[in-house]
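First comes the structure, then the notes that go with it.
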Amino acid sequence: MSTSLPTPDDADKHRAVDLMVSVLEKAGTGIHTLTLNLSGGENGHITEQFHFAQNPYGFIPETEMGVSFGKVLAIASAGATGGMILRTWSTKDTVCAWAIDEGDFVPLTAAETFSSYCHDRETGEVTGPPENTEYTDAPAL
């Protein structure tokens with residue numbers, strides 16, 4: 001049985017903006033992908049991605065993706081359950097993640113992130129991380 005996703009109000013939308021600003025500040029320079037996965041909705045879940053880059057001179061967003069991501073982030077803020085992953089692309093990618101529990105973004109440790117995302121979906125067996133990938137502790141938002 002699928003649960004429905006919450007409907008965000010103005011406070012949730014403002015919180016989504018604050019969360020996004022916090023993620024951008026903590027992501028630092030580099031090329032990044034944020035992936036948001038929420039449980040619920042008509043198809044059982046909703047997934048949205050946002051690609052962006054930052055350098056010492058500014059922030060370079062994929063604007064259309066940012067609008068869609070912001071809407072889903074507001075839904076997450078309204079009390080959804082799921083997770084959010086930040087991947088920074090480089091010669092050695094770094095990955096950190098947050099569990100979303102009824103709208104609260106809970107930072108995961110590197111080990112928790114590895115455990116959550118390095119399993120074969122069909123067999124349940126632990127798989128190694130993708131080559132040149134390091135899991136890190138997520139910062140508090």
| field | Selection count where residues are among the aromatic types (Phe, Trp, Tyr) and modelled with pLDDT of 90 or more, scope the stretch 42-60 | value | 2
| note | Within the stretch 84-94, the residues that are part of a strand (DSSP E or B) and either aromatic (Phe, Trp, Tyr) or more than 16 Å from residue 47 (Cβ to Cβ) (or both) are 88, 89, 93, 94
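Considering only the stretch 103-123, state which residues are outside any strand (DSSP E or B) and of a type in the set (A, V, I, L, M, F, W, C). Don't jump to the end; show me each part of the working.
Residues of the stretch 103-123 outside any strand (DSSP E or B): 103, 108-118, 120-123.
Scanning the stretch 103-123 gives 108, 110, 111, 114, 118.
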| Across the stretch 124-141, which residue is nearest to residue 16 (Cα to Cα) among those that are at pLDDT 80 or above and assigned to a loop (DSSP other than H, G, I, E, B)? | 141
| Single unsatisfied condition, residue 72 versus (1) of a type in the set (Val, Ile, Thr); (2) closer than 21 Å to residue 134 by Cα; (3) not in a strand (DSSP E or B) | (2)
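Residues checked against (1) at negative phi; (2) basic (Lys, Arg); (3) in contact (Cβ under 8 Å) with a residue 12 or more places away in the chain; (4) surrounded by 19 or more Cβ atoms within 10 Å (Cβ to Cβ):
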{"residue": "31", "(1), (2), (3), (4)": "yes, no, yes, no"}
{"residue": "48", "(1), (2), (3), (4)": "yes, no, yes, yes"}
{"residue": "52", "(1), (2), (3), (4)": "yes, no, yes, yes"}
{"residue": "55", "(1), (2), (3), (4)": "yes, no, yes, no"}
{"residue": "79", "(1), (2), (3), (4)": "no, no, yes, no"}
{"residue": "82", "(1), (2), (3), (4)": "no, no, yes, yes"}
{"residue": "124", "(1), (2), (3), (4)": "no, no, no, no"}
{"residue": "129", "(1), (2), (3), (4)": "yes, no, yes, no"}
| If you scan the stretch 99-138, which residues turn out to be within 19 Å of residue 81 (Cα to Cα) and touching a helix residue (DSSP H, G or I) at 6+ places or on another chain (Cβ under 6 Å)? | 100, 103
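The values are calculated or read from the model by the stated rules, or taken from the named source; none is laboratory data. Quantities reported herein were computed from a predicted structural model and do not represent experimental measurements. When we count neighbours, we look across all protein chains shown, and the Cβ atoms used for this are built from the backbone with ideal geometry, even at glycine.
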